[in-house]
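Let me begin by presenting the structure, written as structure tokens, before commenting on it.
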Amino acid sequence: MPHATARADAARAVIFSPLEGAGRAELVEQRLTDAIVSGVLRDGERLPSEAELAKLLGVALVTAREALLALRHKGLVRTRRGRDGGSFVTSDRDTSARLLDQRLLAASRIALRDLSLHVAAIAGMAAEVAADRASDDDVQSLVDIDARADLATPGGARRAVGRFGLEVAAVSQSPRLVHEELRLQAETGALLWMCLREQEYRDRSREARLEVIDAIRRADGTSARRATVAHVTSAVEWLIDEKARIEAASVIDDAAPTRPHPSEGSRT
């Protein structure tokens, strides 16, 4: 299977790949929101036109239009008229973090554990099969992706995780695994890898890649799968802990007494 697709900008391929089974504006909105808050689509970047977006995602023009309107209401996109006009990403770290926290709070612990099982099943199988089918050039491609990884920022680390996962799927030579990897990255990547906010987990992501590369180089499918599953499981356990932390902080904030405004002096 040609690896050109995987070796292109995998993160962008994920965002602008067709949606499955629905043309609802909410799905388009969520995918683009995830891309913006995860840093794949960056502040100031120009989005495809409504018509181009609809074609890329396989949805109706009105669906793409509704999704962009919702993104404008969130403050994630601004639209400019004229010859140099279009829709442009406008985001900051605080807004991105807040939206991701809201998405995490809306997810149940059962849903998060189910996500872990699903992602681990696909990524783990891709790694296992890749170990059996990889050529020396394939291994070098994985090494190159790891070498180019930017671990200084959460966005850079997320892009590295996405590119690596997609390349492993491509090395497996299974079009279905590549397709499912693309779909999962588009739908869950921003949420799943929230742990990459922390440098410790960015470093762990590199350690996991090196383990997978070593296993694939040795044609050890079992070890490649084990390392991949452990990486995903660690990310989801972080999500569950973070959800608990945010919920606890919210309870404390709600319980805090309201202080009188300075202008409200004591009355006699």
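If you plug each phi of region 243-252 into the Karplus form 6.51 cos²θ - 1.76 cosθ + 1.60 with θ = phi - 60°, what whole-Hz ³J(HN,Hα) values come out, in order, with x for Gly and Pro?
Per residue, the Karplus-derived 3J(HN,Hα) values read 4, 5, 5, 5, 5, 5, 5, 5, 5, 5 Hz.
When the Kirkwood radius is taken over all Cα pairs of the chain, what Stokes-Einstein diffusion coefficient follows at 37 °C and 0.692 mPa s, in µm²/s?
Stokes-Einstein gives a translational diffusion coefficient of 165 µm²/s.
Whats the longest run of the chain with zero trypsin sites (Lys or Arg not before Pro) that are DSSP loop and have at most 12 other Cβ atoms within 10 Å?
My reading of the result: 149-217 is the longest stretch.
Using θ = phi - 60° and the Karplus curve 6.51 cos²θ - 1.76 cosθ + 1.60, what whole-Hz ³J(HN,Hα) does each residue of region 212-224 get, with Gly and Pro shown as x?
Ordered by residue, 3J(HN,Hα) equals 5, 4, 4, 5, 5, 4, 8, 6, 9, x, 4, 5, 4 Hz.
Once you compute Rg and the Kirkwood Rh from C-alpha atoms, what is the Rg to Rh ratio for region 137-242?
A ratio of 0.94.
Taking only Cα atoms, what is the 0 to 90° angle, nearest 10, from helix 136-147's long axis to the longest principal axis of the chain?
For 136-147 against the chain, the angle is about 20 degrees.
Read-outs: derived from the displayed coordinates by stated rules, not from any lab. Model, not experiment: these values are computed from the prediction. Don't worry about glycine lacking a Cβ; one is built from the backbone with ideal geometry, like all the others, and counts go over all protein chains shown.
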